[in-house]
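A.B. asks: Just dropping this structure here.
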Amino acid sequence: MTEANERLPILTVGYGLREADELIALLQRNGAEYVGDVRSVPYSRRRPQFSREAFERLLRAAGLRYVFLGETLGGRPDDPACYDADGHVDYDLCRTAPSFLAGIERVETAYREGHRLALLCSEARPTDCHRSKLLAEMLVERDVPVTHIDEGGNLVEHAEIAARLHGSQLSLVADALGRSRRAYRAA
């Protein structure tokens, strides 16, 4: 745990096409202590090393702690009230869901207590993931700084990612800023 005056931002990262040892090295190099898995379903057929149990073992062997946060902060919430009529997750609706707010408060508490937390999902590019569009936005509003580890392994402050997202409002991406890119189920 770091001292209050040395608090480091919350990190976010997606494993994408990285190997597990590469991701773990990135986490260690950036001072992560805890990995908060924000995948709703923490399993991968294509990348089984990132399935919950296997990944948790790899992290533990590397001296990192695994925390499953997908039940509250996952990109595909259980709460049907978080979905629009087309089956897309509506981020504005998520922001008011009690379980989501409890998850955000848990991350905020970890930050305030000085824990170095990295929020993990599968999408390597932060601009394509709910980590930036939903989680980071809420944390920054609560004065919790967020830094993303991008697909190239670079640290990018959330303000830059937000500028990229909002700068693309004239593109086809604009429709996906406030909701998930894919439909998962009808509300």
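A.B. asks: If you check His115, His148, which single one turns out to be out of contact with any helix residue (DSSP H, G or I) (no Cβ under 7 Å at 6 or more places or on another chain) and buried (at least 19 other Cβ atoms within 10 Å of the Cβ)?
C.D. replies: Of His115, His148, the one residue that is out of contact with any helix residue (DSSP H, G or I) (no Cβ under 7 Å at 6 or more places or on another chain) and buried (at least 19 other Cβ atoms within 10 Å of the Cβ) is His115.
A.B. asks: Select from the range 130-146 the residues that are part of a helix (DSSP H, G or I) and closer than 15 Å to Ala110 by Cβ and list them in ascending order. Even if it seems obvious, please write down each step before you answer.
C.D. replies: Initially, the range 130-146 is screened for residues part of a helix (DSSP H, G or I), giving 130-141.
Residues satisfying the conditions are Leu135, Ala136, Met138, Leu139.
A.B. asks: State whether the residues of the range 84-94 include one that is of a type in the set (Gly, Ala, Ser) and at pLDDT below 95.
C.D. replies: Taking the range 84-94 as the starting set, the residues that turn out to be of a type in the set (Gly, Ala, Ser) are 85, 87.
Imposing the further condition that a residue be at pLDDT below 95 reduces the set to 85, 87.
Checked the range 84-94: at least one residue is of a type in the set (Gly, Ala, Ser) and at pLDDT below 95.
A.B. asks: Considering only the range 118-129, how many residues are assigned to a helix (DSSP H, G or I) and out of contact with any helix residue (DSSP H, G or I) (no Cβ under 7 Å at 6 or more places or on another chain)? Lay out the reasoning, then the answer.
C.D. replies: Kept after step one, since they are assigned to a helix (DSSP H, G or I), are these residues of the range 118-129: 126-128.
When the remaining residues are screened for being out of contact with any helix residue (DSSP H, G or I) (no Cβ under 7 Å at 6 or more places or on another chain), the result is 128.
The total comes to 1.
A.B. asks: Can I ask one more? Scan the range 24-54 for residues that are hydrophobic (A, V, I, L, M, F, W, C) and touching a strand residue (DSSP E or B) at 6+ places or on another chain (Cβ under 7 Å) and jot them down.
C.D. replies: Start the filter on the range 24-54 by keeping residues that are hydrophobic (A, V, I, L, M, F, W, C), which leaves 24-27, 32, 35, 38, 41, 50, 54.
Selection gives Leu26, Leu27, Ala32, Val35, Val38.
The values are calculated or read from the model by the stated rules, or taken from the named source; none is laboratory data. Just so it is clear, the structure is predicted and the values come from calculations on it, not from any experiment. Positions of Cβ are generated from backbone atoms using ideal geometry, with glycine treated the same way; all protein chains shown enter the neighbour counts.
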